[in-house]
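Here the structure is laid out as structure tokens; the discussion comes afterwards.
The values are calculated or read from the model by the stated rules, or taken from the named source; none is laboratory data. The model shown is predicted, which means the values in this text are computed figures rather than measured ones. Note that each Cβ is placed from the backbone with ideal geometry, even for glycine, and that neighbours are counted across all protein chains shown.
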Ligand SMILES: NC(=O)c1ccc[n+]([C@@H]2O[C@H](COP(=O)([O-])OP(=O)(O)OC[C@H]3O[C@@H](n4cnc5c(N)ncnc54)[C@H](OP(=O)(O)O)[C@@H]3O)[C@@H](O)[C@H]2O)c1
């Protein structure tokens with residue numbers, strides 16, 4: 001990996017002024033020996049790389065341009081850790097547009113309140129980087145009773161992203177980058193979602209792999225659903241950052257083995273942040289219409305396992321996660337008081353197809369009702385003899401009134417195909433039964 005050619009470098013980060021970026025897990029270990037990847041993500045998003053005296057590889061001096069900073073929201077669970085990073089960045093760069101907003105991905109109530117805070121303070125979001133993650137931790141459950149790795153890495157980010165769609169839609173173009181891993185290849189047969197929180201089937205690596213396959217499947221399905229809804233301005237992609245020297249291996253091995261592994265196998269945290277920075281900032285993503293894709297170091301399209309490239313798996317995961325959220329999110333299930341309210345809800349991804357079908361049916365019914373009224377009106381102005389539909393359809397009419405015969409025929413066929421108002425009410429009740437993220 002460390003020998004891969006760099007398709008994207010820090011100098012390629014464009015002007016991000018006026019943009020707002022959310023980075024989950026944007027803190028790790030500032031005071032530790034390792035250079036934390038997440039610190040770099042935030043710093044580079046802030047163009048911290050351009051501090052005075054720094055030089056590009058070609059020797060050219062980097063010029064500081066603090067006016068190019070985006071507003072960065074550090075979505076972290078521990079304020080004290082985030083504040084250290086914020087202060088450090090401010091000291092280095094003078095960037096005052098850094099904000100800590102509490103987010104604990106182990107709690108859906110926390111995600112909900114995070115989203116509410118963001119919606120109160122910000123009119124739009126340009127970049128959402130779903131970066132936080134845990135790896136190979138001992139079995140545990142989130143406060144919602146979902147297995148820790150699946151809850152943190154997938155479910156909470158799914159909820160966060162779908163809730164932020166309205167704000168992502170408000171930016172001229174926006175990016176969602178979900179950090180997956182090549183570890184997703186560890187899922188060999190199926191995701192076994194029904195047993196995802198079952199301690200008897202728990203495997204540290206197996207569940208990490210499932211959560212990372214879920215990141216890719218979620219991204220693909222999100223993009224598909226955005227396209228179906230005609231939402232074109234959101235570029236959602238996933239990536240593998242590389243095998244990076246970070247705190248992620250904390251549950252993996254002892255400190256000695258970790259340092260040997262880090263020295264021999266890993267890339268620097270700076271390099272590890274390049275691929276998500278490419279997907280989050282490079283203009284190329286838009287010119288090449290990179291959507292629903294999986295990228296690897298350093299900003300190259302990557303290959304996805306067969307499990308993570310299956311459309312059926314993507315749909316199954318989406319439906320499963322939505323059902324889980326309906327069950328777990330505080331205040332759910334939310335019911336809409338009117339069918340129209342449901343149709344207008346921007347977050348109702350699950351009912352997208354149903355909505356489209358119902359709207360289509362309603363239009364047909366409206367058209368048919370107009371036809372029936374027109375036919376009734378024409379019948380009252382020119383009365384016709386009572387004939388059976390069969391007879392009316394026959395070319396041998398008793399009185400040879402061809403105009404009336406065809407009107408009767410048309411009326412009968414229209415009445416036969418028009419759904420009864422009872423059937424329509426049933427469909428509407430079914431639609432109301434679906435819930436949407438609140
Ligand atoms: N490092 C690699 O080699 C590698 C390879 C492939 C993929 N990845 C992916 O890259 C991403 C970043 O990993 P990393 O290497 O930077 O790991 P890291 O140094 O351990 O950072 C993980 C970050 O996630 C945060 N986090 C964990 N649980 C959280 C929760 N419940 N709520 C909010 N934040 C939480 C951590 O916050 P705290 O400091 O509060 O714990 C930390 O800031 C992960 O998604 C990982 O799967 C990494």
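Find the helices (runs of 4 or more DSSP H) located wholly in segment 205-296 whose residues include 1 or more that are modelled with pLDDT of 80 or more, and list them.
Of the helices (runs of 4 or more DSSP H) lying wholly inside segment 205-296, those with at least 1 residues that are modelled with pLDDT of 80 or more span 269-272, 274-281, 283-287.
Residues in segment 140-191 that are within 9 Å of the ligand (Cβ to nearest atom) and not in a helix (DSSP H, G or I): 5 in all. Got at least one residue in segment 153-163 being more than 29 Å from residue 186 (Cα to Cα) and assigned by TED's automatic domain parsing to the domain that holds residue 14? Yes - at least one qualifying residue is present in segment 153-163. Looking at segment 164-193, which of its residues are farther than 23 Å from residue 293 by Cβ and without any contact (Cβ under 8 Å) to a residue 40 or more places away in the chain? If the condition is that a residue be farther than 23 Å from residue 293 by Cβ and without any contact (Cβ under 8 Å) to a residue 40 or more places away in the chain, then 192 is the only one that fits.
Please determine, by comparing only the residues of segment 192-225 that are within 14 Å of the ligand (Cβ to nearest atom) and surrounded by fewer than 24 Cβ atoms within 10 Å (Cβ to Cβ), which one is nearest to residue 307 (Cα to Cα).
Checking each candidate, the answer is 205.
Within segment 301-321, being surrounded by 20 or more Cβ atoms within 10 Å (Cβ to Cβ) and either at pLDDT below 95 or not in a loop (DSSP other than H, G, I, E, B) (or both) holds for 313, 314, 317, 318, 321.
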